[in-house]
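As C-alpha cells, the structure follows; a few thoughts come after it.
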Amino acid sequence: MIAFDTETTGTDFVHGCRPFFVSVCAPGTKEEVRGFEWDVDPMTRAVNVSSRNTRTLTRLLFNKWKVGHNIKFDVRALNTIGVDPVGSVEGSPLVSDDLKGWSKVQDTLTASHVLASSESHKLKDLALQFLDITDDDQAALRDATNEARRIGRKEGWRIAAPEDPHFPAVKRAPKEGFWVLDTWLPKAVCKAFPKDYTPDHPWQTVLKTYAILDAERTLGLWYVFKEALKDEGLWGQYQTRRKLLGRTFAMEGHGMTVATKRLNAMQGEYANEEQRSKELCFRFGGSGVDGTTLRSPKQLQGLLYGTFGFKPVKTTKTGIATDAKTLAIVQDQKKSTSVPFQFIKHLLRSRKFGKMLEYLDGYEAYGKAVERDWLCIHPSFNTTGTKTTRFSSHNPNAQNISKQEAFNLRNAFGPMPGRVWYALDYENIEKRIPAFLCGEEELIELFESGGSYHLLVASIVRPAMFKRLGPDAFKKTDEYRWIKNGNFAEQYSGGEVIVDKAFGVPGGYKMVKGRFKKINELSRKTYAFADKNGFVDTLGGYRLQCPRMSNGHVEWTKPFNYFIQGSAGDAMVLALIAVADYLFKLGPEFRIIMTIHDELVLDFPDRKDNKPKVRKVKALMEASGDVLGMPTPVDCDEIKTTWGSGKALTL
C-alpha cells in the first residue's frame with residue numbers, strides 16, 4: 001500500500017492552483033518516504049513542475065494500491081500537472097470496479113465517516129486520536145508561513161488574498177487563515193535571501209517535514225481503520241462508499257453549464273430587489289436607520305427590541321437574536337399591517353435577495369468560460385460532508401441551488417446547444433420511508449395513488465379553506481406555499497414553533513402529528529434506541545452516531561431525522577453507483593453532472609433515441625430503492641433550456 005498527499009497553492013484547480021509538493025510513503029520500496037518539491041514563482045504563483053518528477057510519480061503510483069485522506073482532491077491535483085495515478089483521462093476515470101484505476105484506491109476520510117459519522121474527520125485530529133501524533137509540525141509551518149507572508153508582502157510578492165485570479169471566488173480568509181494557501185512561501189524566502197536563510201535554517205525543511213508526516217499519518221490511519229472496519233462488521237459499508245470516489249470524481253470533472261446572459265439578468269434583478277427592500281426598511285425604520293443599522297446586530301437589537309417593542313424569544317452570546325428564523329417568529333407579535341411587522345418583512349426579504357445574489361456571484365466567479373455565453377462550474381462533492389449518508393458540496397455549494405418560486409437559481413443553469421438534461425427525482429422518499437415502515441395506511445394509500453402529500457397536509461391544517469376552494473384552486477394560493485414550507489421545515493428537524501410559523505397556523509404542527517400516530521410511535525422508538533445505544537442504523541445498514549447533549553441524552557429530533565435522511569441517502573448512493581456504471585458503458589457523451597438531495601441530473605446529447613436510455617436510468621434508480629424494502633418511484637423532467645423550467649417526461 002502506498003500513501004500520498006499533495007500540498008497546493010489553493011483548491012481552485014480550474015483557475016490555476018497547482019500542487020508544489022507531493023509526499024509519498026511506500027514501505028518496502030527502495031525509498032520508503034519521498035518528497036517531490038517544486039519552486040513557486042512568488043510574483044505569479046506559477047509552479048515550475050519537473051517533467052522528470054512527474055514521470056517518476058506516475059511510475060510510483062499507477063496501477064498500485066494507494067490510499068489518501070480525501071484522495072479525490074489529491075488525484076485532481078496531480079491530474080493538473082499530468083500525473084494520472086488512477087487511469088483517469090481529463091476527468092473521466094475508469095469507474096467500473098472490474099477495471100484498473102479507482103478499484104485500487106482507498107480513502108481514510110471515507111473510512112473515518114463509516115466508523116464514526118459525527119466525529120471529526122480531520123487528518124490531524126484522527127492522527128492524534130489513533131496514532132498519538134501531535135500537530136506540532138502544523139504549528140511550526142503556520143508560524144513560518146505567517147512570518148514569510150509578512151516578508152513577501154514587503155517584497156511585493158503575490159501572497160494569497162481575496163479574489164486572487166487563481167481563486168477569484170474567495171472573498172474572505174479561510175477559517176484557518178490565508179496562510180494555508182501560502183505554505184510554499186518559507187522555501188521561497190529561503191531561495192530569495194540565501195545569506196539570511198542558510199541551508200540549515202528550519203524554513204528550508206518546515207514544509208517537507210509537514211508534508212511527509214501527512215503521508216505517514218494517512219498510511220498509519222489506514223491500517224488502524226482497516227482492522228476496525230472488519231472488526232465492527234462495517235467493511236461492506238465501506239466498500240460501497242468507496243465506490244463513490246471514482247463516480248463522483250467523474251461527475252465533478254464534467255461540471256454544470258451556466259448561461260451567462262441569464263445569470264447576468266438574474267444578478268441585475270436580484271440586486272434591484274435587494275436595494276428596493278432595503279429602501280423600504282429605511283422608510284419603515286424611520287430617521288437614523290440606514291445600511292449600517294441593517295448590518296449591525298447591536299443597532300438592530302436596539303431598534304427591534306427597544307424602539308419597536310418586540311419581545312425577545314431567543315438570546316445568544318452576543319445578545320438578543322436577530323437571525324432570520326428568530327425574526328420570522330418575532331414579527332408575528334405585531335399586526336401584519338403595522339410598521340414593525342413591515343420592517344422585519346422587508347429586512348428578511350433584503351437578506352434573502354442578498355444571499356441569493358451572493359450565490360449567483362459565486363457561480364460566476366467559480367465558472368470557467370467554455371463557449372461564448374456559457375460557463376461551466378465544477379463543484380466538489382464531499383461524500384462525508386454531513387453527519388448522515390447525504391453529500392455536501394463546495395467550490396461552489398451545489399446543494400443550495402434554490403428552486404423556490406421567488407428565488408429559483410436553477411434558471412441560470414441548463415444544457416448547452418446540442419445537449420439536453422434529464423432530472424430524475426425520487427418521489428416523496430423521505431415521507432414514504434416512515435409511512436411504509438410503520439404501516440401508516442392513509443399515507444401509503446396516498447403515495448400508491450399518486451396523491452399529493454402537501455395537499456393532504458393542507459386539508460389537515462386549513463380544512464375550511466381547502467374544502468371551500470378544492471385542491472386545484474388551493475394550489476394557486478399563498479397558503480399552499482406556506483403548507484409546503486411547513487412540510488419542508490418539519491422534514492429537516494424544525495421544531496413546533498418553526499413549523500407553525502412556516503404553516504402560518506398556530507397548532508399546525510400538532511394537527512399533523514396527531515393525524516399520523518404510527519409515525520409518531522416509530523419516531524419515539526427510534527429515539528429510545530438511539531438514546532440507549534448512541535446511534536441509529538439506516539435501512540441500508542449504515543451506522544450513524546447521535547451525539548449526546550450535556551445532560552447525557554441525545555437531542556430529541558436527531559435520531560429520527562438521521563434515520564430517514566440516512567436511509568434515503570442509502571438509496572441515492574446505490575443509484576449513483578449503478579447509473580454511473582451504466583452511463584460509462586454508453587460512452588463519455590452520457591454523464592451524471594449533479595446530485596442534489598434525492599435528484600440525479602444527467603447531461604446527454606440531444607437525440608431522438610434518448611428515451612430508452614433514460615427509462616433504463618429510471619429503472620436503475622427504482623431498483624436501488626429496494627434496499628429500503630418499499631417501492632421508490634422516480635419522476636423525470638426533460639430540460640431543454642433552463643433547469644428551473646423542466647417538463648415532465650413520461651417514460
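The values are calculated or read from the model by the stated rules, or taken from the named source; none is laboratory data. These numbers were taken from a predicted model, which means no experiment stands behind them. With ideal geometry, Cβ positions are generated from the backbone for all residues, glycine too; neighbour counts draw on all protein chains shown. The accessibility values were calculated without ligands, DNA or RNA, using every heavy atom of the protein model including side chains. Shrake-Rupley method; radii C 1.70, N 1.55, O 1.52, S 1.80 Å.
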Sort out which residues of region 188-207 are closer than 15 Å to residue 137 by Cβ and touching a residue at least 40 places away in the same chain (Cβ under 8 Å), and write them in order of number. 202, 203, 206, 207
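Just to verify a result, which residue in region 236-256, among those that are over 16 Å from residue 402 (Cα atoms) and outside any helix (DSSP H, G or I), is least open to solvent (accessible area, probe 1.4 Å)? Give the steps one after another, and end with the answer.
Of all residues in region 236-256, those over 16 Å from residue 402 (Cα atoms) come to 236-255.
Filter again for outside any helix (DSSP H, G or I), leaving 243, 255.
Details: 243: 76, 255: 5 Å².
Step by step, filter region 236-256, then rank; the result is 255.
Quick one: in region 116-139, of everything that is part of a helix (DSSP H, G or I) and open to solvent by less than 40 Å² (accessible area, probe 1.4 Å), which residue is farthest from residue 239 (Cα to Cα)? Break it down into steps so the answer makes sense when it comes.
Narrowing region 116-139 to residues part of a helix (DSSP H, G or I): 123-131, 136-139.
Filter once more, so that each one left must be open to solvent by less than 40 Å² (accessible area, probe 1.4 Å): 123-124, 126-127, 137, 139.
Numbers: 123: 20, 124: 24, 126: 20, 127: 22, 137: 32, 139: 35 Å.
My answer is 139.
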Among 596, 519, the single one that is in contact with a Pro (Cβ under 6 Å, 6 or more places away or on another chain), open to solvent by less than 50 Å² (accessible area, probe 1.4 Å) and touching a residue at least 60 places away in the same chain (Cβ under 8 Å) is 519
Of all residues in region 631-651 being farther than 29 Å from residue 435 by Cβ and among the small types (Gly, Ala, Ser), which is least open to solvent (accessible area, probe 1.4 Å)? 644
Which residue is farthest from residue 438 (Cα to Cα), if the candidates are limited to region 599-627 and must be open to solvent by less than 10 Å² (accessible area, probe 1.4 Å) and hydrophobic (A, V, I, L, M, F, W, C)? 604
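I'm checking my understanding of the structure. Among residues of region 180-232 that are of a type in the set (Lys, Arg) and surrounded by 23 or more Cβ atoms within 10 Å (Cβ to Cβ), which one is nearest to the chain's Cα centre (by Cα)?
So the residue we want is 217.
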Name the pairs whose Cβ atoms lie under 7 Å apart, with the first residue in region 623-635 and assigned to a loop (DSSP other than H, G, I, E, B), the second surrounded by fewer than 17 Cβ atoms within 10 Å (Cβ to Cβ) and not β-branched (Val, Ile, Thr), and 6 or more positions between them or separate chains? 633/427
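Can you report the number of residues in region 96-146 which are of a type in the set (D, E, K, R) and in contact (Cβ under 8 Å) with a residue 12 or more places away in the chain?
Looking only at region 96-146, we keep the residues that are of a type in the set (D, E, K, R), and these are 97-98, 100, 104, 107, 119, 122, 124-125, 132, 135-137, 142-143.
Those still in the list that are in contact (Cβ under 8 Å) with a residue 12 or more places away in the chain too: 97, 100, 104, 107, 119, 124, 137, 142.
Of the residues in region 96-146, 8 are of a type in the set (D, E, K, R) and in contact (Cβ under 8 Å) with a residue 12 or more places away in the chain.
For the condition over 23 Å from residue 258 (Cα atoms) and open to solvent by less than 10 Å² (accessible area, probe 1.4 Å), what is the one hit in 578, 571?
Result: 571 is the single residue among 578, 571 that is over 23 Å from residue 258 (Cα atoms) and open to solvent by less than 10 Å² (accessible area, probe 1.4 Å).
Would you pick out the residues in region 140-174 that are of a type in the set (Lys, Arg), open to solvent by 40 Å² or more (accessible area, probe 1.4 Å) and modelled with pLDDT of 95 or more? So that I can check it myself, show each step before the final result.
The initial filter retains those residues of region 140-174 that are of a type in the set (Lys, Arg), namely 142, 149-150, 153-154, 158, 171-172.
Then drop every residue that is not open to solvent by 40 Å² or more (accessible area, probe 1.4 Å), which leaves 142, 150, 153-154, 158, 171-172.
142, 150, 153, 154, 158, listed by residue number.
Table: residues versus (1) over 21 Å from the mean Cα position of the chain (by Cα); (2) modelled with pLDDT of 90 or more; (3) crowded, with 22+ Cβ neighbours inside 10 Å.
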site: 406; (1), (2), (3): yes, no, no
site: 413; (1), (2), (3): no, yes, yes
site: 417; (1), (2), (3): yes, yes, no
site: 420; (1), (2), (3): yes, yes, no
site: 423; (1), (2), (3): no, yes, no
site: 444; (1), (2), (3): yes, yes, no
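Restricting attention to region 499-516, and to residues there that are out of contact with any Asp or Glu (no Cβ under 6 Å at 6 or more places or on another chain) and open to solvent by 50 Å² or more (accessible area, probe 1.4 Å), which single residue is farthest from residue 326 (Cα to Cα)?
Pass one, region 499-516, residues out of contact with any Asp or Glu (no Cβ under 6 Å at 6 or more places or on another chain): 500-505, 507, 510-515.
Retained after the next criterion (residues that are open to solvent by 50 Å² or more (accessible area, probe 1.4 Å)): 501, 510-511, 513, 515.
On the way: 501: 10, 510: 20, 511: 23, 513: 23, 515: 28 Å.
Restricting to residues being out of contact with any Asp or Glu (no Cβ under 6 Å at 6 or more places or on another chain) and open to solvent by 50 Å² or more (accessible area, probe 1.4 Å), the top hit is 515.
Does residue 401 satisfy being among the β-branched types (Val, Ile, Thr) and at pLDDT below 95? Full working, then the answer.
Working: among the β-branched types (Val, Ile, Thr): yes; at pLDDT below 95: yes.
For residue 401, the condition - among the β-branched types (Val, Ile, Thr) and at pLDDT below 95 - is met.
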Subset of region 49-73, residues buried (at least 21 other Cβ atoms within 10 Å of the Cβ), touching a residue at least 60 places away in the same chain (Cβ under 8 Å) and in a helix (DSSP H, G or I), comes to 71, 72
Note on residue 369: of the conditions (1) open to solvent by less than 50 Å² (accessible area, probe 1.4 Å); (2) assigned to a strand (DSSP E or B); (3) not β-branched (Val, Ile, Thr), unmet is (1)
